[in-house]
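The values are calculated or read from the model by the stated rules, or taken from the named source; none is laboratory data. In this text, all values refer to a predicted model and were calculated from it rather than measured experimentally. Here the Cβ is made from the backbone with ideal geometry for all residues, glycine too, and neighbour counts use every protein chain on show. Just the protein is used for accessible areas: all its heavy atoms, side chains included, with ligands, DNA and RNA removed. Shrake-Rupley method; radii C 1.70, N 1.55, O 1.52, S 1.80 Å.
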Protein chains: 2
Amino acid sequence: MTATDTNGTLSKSQQAYSWIRERINSGAFVPGFRLVLGSIAKELGVSVVPVREAIRRLEAEGLVTFERNVGAQVAMLDDSAYSATMQALGIVEGAATMLSAPFITAADIAAARLVNAQMIESLEHFEPRRFTELNREFHSVLFERCPNDQLLDLVHRGWNQMNVLRDSTFSFVPGRARASVDEHEHILKLIEDGADSLEIEMAARAHRTRTLDAFAAYQADRKRSPAQR
Amino acid sequence: MTATDTNGTLSKSQQAYSWIRERINSGAFVPGFRLVLGSIAKELGVSVVPVREAIRRLEAEGLVTFERNVGAQVAMLDDSAYSATMQALGIVEGAATMLSAPFITAADIAAARLVNAQMIESLEHFEPRRFTELNREFHSVLFERCPNDQLLDLVHRGWNQMNVLRDSTFSFVPGRARASVDEHEHILKLIEDGADSLEIEMAARAHRTRTLDAFAAYQADRKRSPAQR
DNA sequence: AGCAGAGAGATTGTATATTATTTGAGATAC
DNA sequence: GTATCTCAAATAATATACAATCTCTCTGCT
């Protein structure tokens with residue numbers, strides 16, 4: 001019964017939601033792109049109401065901004081918002097990792113190491129998108145077993161918000177990639193050794209803090225010489 | 001009320017949103033209450049679409065649950081969801097307090113102490129709702145100066161979700177109230193003394209953890225003797 | 001060059017039809 | 001006689017089409 005309700009009959013608003021979300025995530029709708037209700041409705045072959053509802057939902061998730069009587073556009077995080085999101089994600093994700101730790105199996109760790117190895121490989125021919133994918137896959141192992149659904153939800157939200165603007169910023173420090181991979185291994189080791197929960201949490205958080213610092217440095221550098229990117 | 005500031009022209013969906021939200025917060029719409037689109041629309045004198053949008057927004061905030069072709073009802077957190085929310089809130093709020101600490105002024109601390117004193121007073125003639133109000137007011141001082149808006153938003157979300165079900169659960173441990181007030185003072189003192197940021201964070205988090213423990217104990221007790229409450 | 005007004009385009013809201021779910025009555029089987 | 005299954009009617013959500021309101025832009029006049 002619940003199996004069949006999600007199958008063929010998918011509510012049009014949900015359909016619209018998935019459709020738009022897909023485009024945002026794939027980068028077809030870049031940050032700042034204006035989402036016109038009528039156009040989307042016509043393209044999807046539905047009315048404007050479901051589209052509107054879908055957009056409202058995306059707004060609540062922070063993927064879309066909405067202005068009264070003006071319309072919606074794909075969220076565009078400026079540098080400061082990006083930093084804030086990253087910091088918040090670090091806090092939430094660190095806690096989720098800490099809570100997950102007792103439930104992470106040896107198999108999980110092995111899988112994570114495999115992903116990490118792929119990340120190292122991918123450094124040869126660096127492709128930002130692929131690296132980001134792998135990165136998310138790795139981190140998933142760290143927090144997916146978190147027994148607190150509420151917290152886990154916050155983590156997912158944070159990741160999604162980061163994804164919104166990744167095209168414009170994720171390649172900001174190629175030099176950071178290598179260090180990132182090493183930190184991954186460090187965190188894995190802590191979990192494997194059954195380290196103190198606070199230590200695990202802070203290691204996971206620091207992993208983001210360092211990215212944040214690298215970003216700030218890059219940002220300052222970019223300001224100094226805006227020409228050569 | 002902040003009611004008439006941006007209004008004059010207040011979008012009907014926003015109007016509906018505020019109206020429903022008000023009722024939920026005031027307890028007029030108790031957890032589990034069924035929100036029928038048509039009825040609300042008629043009572044507000046608007047069409048069903050704005051109401052629907054308002055409810056979708058409340059759903060995104062976690063205050064309302066929505067089921068396809070069935071309808072909406074005020075969210076009802078069971079014990080486990082309540083615990084999870086509380087734990088997540090503790091984590092997020094603890095971090096927010098930690099980040100706020102450097103910006104908290106002597107005046108802020110004085111104000112917080114005043115609120116705390118009122119909480120002690122209110123213990124004489126204990127009124128759960130008043131106590132909850134004061135509690136939120138106190139905690140606001142601790143995290144409102146948080147420079148990270150994203151994180152602050154998560155804190156607010158958490159508090160609102162707690163509010164949804166407070167009527168049914170907040171009076172669960174009157175004995176906890178006194179300890180809570182003492183912990184408040186402890187946190188204030190740490191901030192005042194410029195304690196280590198991690199120490200502040202963990203003190204703030206522990207404040208919630210203890211409430212959580214008390215709740216678990218109460219829960220177990222209730223299971224043992226469900227008759228006498 | 002700068003301001004005013006008209007018009008196009010997009011959002012917001014209403015009325016209405018459609019679709020899905022639930023509920024209750026009646027009939028049949030045990 | 002009770003229980004269960006089926007079918008129909010009511011109820012409520014979902015989607016469409018239409019109307020009205022607002023915003024932004026482009027053009028023309030001073």
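Computed values, structure above
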{"item": "Matching option when the condition is in contact with a Lys or Arg (Cβ under 7 Å, 6 or more places away or on another chain) and more than 16 Å from DNA strand C (Cβ to nearest atom), among B:97, B:132, B:105", "result": "B:132"}
{"item": "When residues of the stretch A:15-28 are limited to those that are assigned to a helix (DSSP H, G or I) and touching a residue at least 60 places away in the same chain (Cβ under 8 Å), the one farthest from the other protein chains (Cβ to nearest Cβ)", "result": "A:25"}
{"item": "Sole residue being buried (at least 19 other Cβ atoms within 10 Å of the Cβ), out of contact with any His (no Cβ under 9 Å at 6 or more places or on another chain) and not assigned by TED's automatic domain parsing to the domain that holds residue A:162, chosen from A:70, A:30, A:46, A:51", "result": "A:51"}
{"item": "Residue identified as more than 28 Å from residue A:159 (Cβ to Cβ) and either surrounded by fewer than 20 Cβ atoms within 10 Å (Cβ to Cβ) or not assigned by TED's automatic domain parsing to the domain that holds residue B:23 (or both) among B:205, B:136, B:157, B:145", "result": "B:136"}
{"item": "Filter result for residue B:57 (open to solvent by 40 Å² or more (accessible area, probe 1.4 Å) and closer than 11 Å to residue B:13 by Cβ)", "result": "yes"}
{"item": "Filter result (in contact (Cβ under 8 Å) with a residue 24 or more places away in the chain and open to solvent by 70 Å² or more (accessible area, probe 1.4 Å)) within the stretch B:209-223", "result": "B:210"}
{"item": "Of the criteria (1) in contact with a helix residue (DSSP H, G or I) (Cβ under 6 Å, 6 or more places away or on another chain); (2) modelled with pLDDT of 90 or more, which one residue B:43 fails", "result": "(1)"}
{"item": "Verdict on residue B:35 being under 20 Å from the mean Cα position of the chain (by Cα), crowded, with 21+ Cβ neighbours inside 10 Å and under 26 Å from residue A:14 (Cβ atoms)", "result": "no"}
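Table: residues versus (1) within 16 Å of residue B:157 (Cα to Cα); (2) in the same structural domain as residue B:17 (by TED's automatic domain parsing); (3) among the charged types (D, E, K, R); (4) crowded, with 22+ Cβ neighbours inside 10 Å.
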position: B:83; (1), (2), (3), (4): yes, no, no, no
position: B:91; (1), (2), (3), (4): yes, no, no, yes
position: B:96; (1), (2), (3), (4): yes, no, no, yes
position: B:105; (1), (2), (3), (4): no, no, no, no
position: B:113; (1), (2), (3), (4): no, no, yes, no
position: B:120; (1), (2), (3), (4): no, no, no, no
position: B:125; (1), (2), (3), (4): no, no, no, no
position: B:128; (1), (2), (3), (4): no, no, no, no
